[in-house]
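Notes follow the structure.
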Amino acid sequence: LKLQAENQSLRELLNVKADPEMSFVTTRVVSDPGGSFVKSVLLPVGQNDSVMKGSVVMSGHGVIGRVMEAGRHSSRVLLITDLNSRIPVKVQNTRTRAILTGKNKPLLKLERLPIDSGLTLGQRIVTSSDGGYLPPDIPIGTIVAIGKDGVLVKPLADIDS
């Protein structure tokens with residue numbers, strides 16, 4: 001109650017208007033096919049729980065995927081590490097826009113970067129609202145390598161667990 005009161009006081013001080021359309025459902029993974037080519041999981045929540053195709057799936061640290069199919073009582077999530085995953089993102093402090101792609105490996109790759117992007121190690125990658133797929137500024141990962149393999153990003157969330 002003390003924390004709620006403090007949060008409310010700070011929101012009023014900053015004049016923050018919460019987005020009323022944002023909601024969340026807490027759940028757990030019930031199935032993980034775990035194949036070499038498919039990086040998806042099954043959740044025991046669906047349309048009856050207001051989960052829809054395109055919904056963002058997060059852990060306590062950041063984005064882990066998007067709902068690709070939603071039934072009444074379950075949904076399938078495409079993880080950000082999947083080869084088919086493409087997410088419009090931006091570098092948090094420079095606002096450089098790019099596409100974050102999965103490679104069926106622990107690290108993700110930034111593609112479609114401007115030539116003079118000036119990226120450095122440790123910069124945080126967040127979602128952009130480009131294309132209307134995801135809400136803006138949700139943390140995804142940090143840049144851990146820049147080299148001949150491109151710009152590689154480590155997810156903030158431990159996708160494998």
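The values are calculated or read from the model by the stated rules, or taken from the named source; none is laboratory data. As the structure is a computational prediction, the values presented were derived from the model and not from experiment. Heads up, the Cβs are rebuilt from the backbone with ideal geometry, glycines too, and the neighbour counts pull from every protein chain shown. Surface areas here come from the heavy atoms of the whole protein model, side chains and all, with no ligands, DNA or RNA. Shrake-Rupley method; radii C 1.70, N 1.55, O 1.52, S 1.80 Å.
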Net charge of neighbours whose Cβ lies under 12 Å from the Cβ of S117, counting Lys and Arg as +1 and Asp and Glu as -1: +2
Among G122, A70, V29 the positive-end extreme of the charge dipole of the range 7-161 (Cβ point charges): G122
About the Cα centre, charge dipole magnitude for the chain (Lys/Arg +1, Asp/Glu -1 at Cβ), debye: 280
Probe 1.4 Å, protein heavy atoms only - accessible area per residue of the chain in square angstrom: 65
Spacing of the two label points (7 Å from each Cα toward its C-beta) at M68 and L107, in nm: 2.4
Rotationally averaged projected area of the range 37-102 (alpha carbon convex hull; nm²): 4.9
Carbon and sulfur %, accessible surface of the range 6-161 computed with the full protein complex present, 1.4 Å: 51
Interchain or long-range residues, amide H under 5 Å from S59's placed H: I64
Amide H contacts of V45 (H built 1.01 Å from N, under 5 Å, at least 5 apart or other chain): S75
Given (i) 1, 8, 14, 16, 14, 12, 11, 9, 7, 4, 3, 1, 0; (ii) 2, 9, 18, 21, 20, 15, 10, 4, 1, 0; (iii) 2, 8, 16, 19, 17, 14, 11, 8, 3, 1, 0, the label whose value is P(r) over Cα pairs in 5 Å bins from 0, in percent derived from this model: (iii)
Segments 2-12, 105-115 sorted - mean Cβ within 10 Å per residue, highest first: 105-115, 2-12
Percent of Cα pairs exceeding the 14 Å cut-off, where the set is the range 79-158: 56
Derived scalar couplings ³J(HN,Hα) [the range 84-97; Karplus, 6.51 cos²θ - 1.76 cosθ + 1.60; whole Hz; x for Gly, Pro]: 8, 7, 9, 10, x, 9, 9, 7, 4, 8, 10, 6, 5, 9
